[in-house]
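Q: Here you go, one structure.
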Amino acid sequence: MAPSTTTPLLLALLLLPALAAATSLPALPLSTKSRWVVGADGRRVKLACANWASHLEPAAAEGLARRGVADIAARVAAMGFNCVRLTWPTYLITNATLASLPLRWSLERLGMLESVAGVRVNNPALLDLPLVDVFKEVVSALASKGIMVILDNQMTTPGWCCSKTDGNGFFGDKYFDPDEWLKGLSAMAAMFNKTKNVVGMSLRNELRGPNENVSLWYRYMQLGAEAVHAANRNVLVILSGLDFDKTLSFLFSKKVSLSFTGKLIYEQHWYGFSDDGNWETQNQNDVCGIVVDSIWKKGLFLLQQGWPLFFSEFGFDMSGTHIGDNRYLTCFLSVAAEMDLDWAIWALQGSYYIREGILAYDESYGLLSWDWCTARNPSFIKRVNSLQSPFQGPDLPNSQEPYNVLFHPQTGLCVLASSSNYLQLGPCDESNAWNYTSAYELVVKSTGQCLQAKSVGENAQLGTDCSKPSSKWHLISNSKMHVSAELTKNGTRVCLDASPDGAIQTNQCKCLSVDPACNPESQWFKVILSSRDIPGGSSILQLPSHGT
């Protein structure tokens, strides 16, 4: 992506309100309660994170030559994220020569004089600090904006991750000495023992390669977890799986054995290029159903067993031009909403100092633009906003009486009903409390009114006669996201459909199977549980009537 052409003054005016926003830290330290992450007050804390790379050759957080570190932290908060998964190479803490190397020298040794000049302008106080102190300053900047930090051991040697043959993949590989790794984990945990916003440590990113095996996984991951906990009892201990963190299936029958409780989380990665889905060549409903079933068997089952699971990497081409990525993303967001996942998007950085030998490498998966000025894909930020706060979990306002919402993953919005019985998409925080009954009725709680289909192409509406087939809503297609009923007059099956302006209509169900070119996403809805506070109680919201 080319650098933004927005003028600096206009950009400043546009961003001023957003950058003034900041989140606040929850009650710390964090711990776990069944499948949930909770604060010290027992309330659910949802991890809604962005990955910020600090493990490549310069061994410094990306972007310091583009924007001030406080400015970058402010942008994280302004986009609604409460957490950063900050990556680091083992050598940053175990190799004294690297750790003490000034940032200026680290960039100069790689021939990046332009980056040196950029840091001098944007972060002059960091330019001559040792790399390990630069890392600390990034954590501190995030703390000033109320952003939690999860420290992720990405590699041993600084560089781009990952391949099966880079020597960093599994215990005993050329650059992966288990003893050095344990020493590094202990030292990093101890270094941030008094740092309140460092809430977790991910022990190793994407274990992989020809030497990986389950027996050594249990041995060393348990040792790593114990080492971190001994050095810092405040942090969550996060264990990744095998095969580039795509699978934790071996945990189905045997969990790790640790001396401590209440701090353990597992993590899993899910990308469209790695989930074995034929997103561009098969019907989208079929692929989503197949992939979700596979992801469930590889890791999602842990939630059902009562263990926290953190999807610490998901991502897509933010240009919006990659069909397969776009399809995968909508499927992922449907699962993220239904399971109310903790997650981290790859990645925050819009560009790198250097990646795979290319200077100023443009990160097409980056939340920020190449120059770190603006959001690369503002529509995604809006779309993911509803998933940045919890739907479910302990100590939410309606934890004892959860209700349903109708989530639309294509937009990240939910179905709202007005006093005139008009249904439309709107913010999930303003959703009605629905009840999806065992008789397949979608009823607005406390009103007796249920969702009804009138005819093809008409707006769906609310009514009081819920006994007819037009009020019986079944979840059909292999994605289980088509919400379908039969018209009373002629038995035609219709599906809920979101029009471009957000009106909820009933149209003939489309793309149910076979056709790989058909896009079903306007008809994809998830009936999910929520314990959020209900605006105005359980009554129908007073929204603008149709046409206003």
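Q: Using the Karplus curve 6.51 cos²θ - 1.76 cosθ + 1.60 with θ = phi - 60°, work out ³J(HN,Hα) for each residue of the range 449-459 in order, rounded to whole Hz, and write x for Gly and Pro.
A: Each residue of the range 449-459 in turn: 8, 10, 6, 9, 9, 9, 6, 5, x, 8, 5 Hz.
Q: Which aspartates and glutamates does residue 254 reach when only Cα atoms under 19 Å apart count, and residues fewer than 8 places away in its own chain are ignored?
A: The reachable aspartates and glutamates, counting only those whose Cα sits under 19 Å from residue 254, are 212, 226, 243, 245, 267.
Q: Compute the accessible area per residue over the chain, keeping the other protein chains in place, probe 1.4 Å, unit Å².
A: 37
Q: Determine the dipole magnitude for the range 240-322: charges of +1 sit on the beta-carbon of Lys and Arg, -1 on that of Asp and Glu, nothing else is charged, the reference point is the Cα centre, and the result goes in debye to the nearest 20.
A: Numbers: 6 positive and 10 negative charges, 120 e Å.
The calculated dipole for the range 240-322 is roughly 580 debye.
Q: Show me, for the range 42-58, the HN-Hα J-couplings you get by feeding each phi into the Karplus relation (A = 6.51, B = -1.76, C = 1.60, θ = phi - 60°), rounded to Hz, glycine and proline as x.
A: x, 8, 4, 10, 8, 7, 10, 10, 10, 7, 10, 6, 9, 10, 7, 3, x
Q: Let me ask you something else. Output the 0 to 90 degree angle, nearest 10, between the alpha-carbon long axis of helix 8-20 and the longest principal axis computed from the alpha carbons of the chain.
A: Once rounded, one gets 80 degrees.
Q: Suppose R0 equals 22 Å. What FRET efficiency, 1/(1 + (r/R0)^6) with r the Cβ-Cβ distance, do residue 465 and residue 499 give to the nearest 0.05? If you can, show how the numbers build up before the last one.
A: On the way: r = 25 Å, r/R0 = 1.14.
The computed FRET efficiency comes out at 0.30.
Q: Using only Cα atoms, tell me the angle between helix 113-122 and the longest principal axis of the chain; keep it within 0 to 90° and round to the nearest 10.
A: Tilt of helix 113-122: around 70 degrees.
Q: Can you give the % of DSSP beta bridges in the chain that are antiparallel, to the nearest 5? Mind dumping the intermediate values first?
A: Values: 45 of 77 bridges.
Antiparallel bridges: around 60 percent, rounded to the nearest 5.
Q: Same structure, new question: Summarise the accessible area of the range 216-263 (1.4 Å probe, protein heavy atoms) by the percent that is carbon and sulfur.
A: Values: 970 of 1880 Å².
It is 51 percent, rounded to a whole number.
Q: At a 1.4 Å probe, what is the % contribution of carbon and sulfur to the accessible area of the range 126-196?
A: Details: 1260 of 2600 Å².
Solvent-exposed carbon and sulfur of the range 126-196 make up 48 percent of the total.
Q: Suppose every Lys and Arg Cβ carries +1 and every Asp and Glu Cβ carries -1, with no other charges. What dipole size does the chain come out with about its Cα centre, to the nearest 20 debye? Please list the in-between numbers first.
A: Numbers: 44 positive and 49 negative charges, 209 e Å.
Taking the Cα centre of the chain as origin, the dipole is about 1000 debye.
Q: Treating the angle as unsigned and between 0 and 90°, give the value, to the nearest 10°, between the Cα long axis of helix 131-144 and the longest Cα principal axis of the chain.
A: So the helix axis and the longest Cα principal axis differ by about 30 degrees.
Q: Could you tell me which Cys residues in the chain have no other cysteine's Cβ under 4.7 Å from their own Cβ, answering none if every one has a partner?
A: If one checks each Cβ against the other cysteines of the chain, 373 turn up with nothing under 4.7 Å.
Q: If you don't mind, there's one more thing I want to ask. List the residues whose amide H sits under 5 Å from the amide H of residue 368, counting only those 5 or more places along or on another chain, with H placed 1.01 Å from N in the peptide plane.
A: Under 5 Å from the amide H of residue 368: 350, 376.
Q: On the accessible surface of the range 298-349, probed at 1.4 Å, how many percent belong to carbon and sulfur atoms?
A: 52
Q: While we're on this one: Take each of the peptides 222-228, 162-168, average the number of other beta-carbon atoms within 10 Å over its residues, and list them starting from the highest. Don't skip to the end; give the middle numbers.
A: Details: 222-228: 20.6, 162-168: 16.3.
So the order, starting with the most tightly packed, is 222-228, 162-168.
Q: Could you give each residue of the range 207-221 its phi-based ³J(HN,Hα) in whole Hz, using Karplus coefficients 6.51, -1.76, 1.60 with θ = phi - 60°, and x for Gly or Pro?
A: Per residue, the Karplus-derived 3J(HN,Hα) values read 4, 6, x, x, 9, 5, 7, 5, 4, 5, 4, 4, 4, 7, 5 Hz.
Q: Considering only DSSP beta bridges with both partners in the range 152-266, what is the antiparallel share in %, to the nearest 5? List each step's numbers first, then the result.
A: Values: 1 of 8 bridges.
Looking only at bridges with both residues in the range 152-266, the antiparallel portion is about 10 percent.
Q: Next up: Among 399, 335, 459, which residue has its Cα furthest toward the positive end of the charge dipole of the chain, with +1 on Lys/Arg Cβ and -1 on Asp/Glu Cβ?
A: 399
The values are calculated or read from the model by the stated rules, or taken from the named source; none is laboratory data. From a predicted model like this one, the values you see are computed outputs, not experimental measurements. Cβ atoms come from the backbone with ideal geometry, glycine included; neighbour counts cover every protein chain shown. SASA here: full protein model, heavy atoms, side chains in, ligands and nucleic acids out. Shrake-Rupley method; radii C 1.70, N 1.55, O 1.52, S 1.80 Å.
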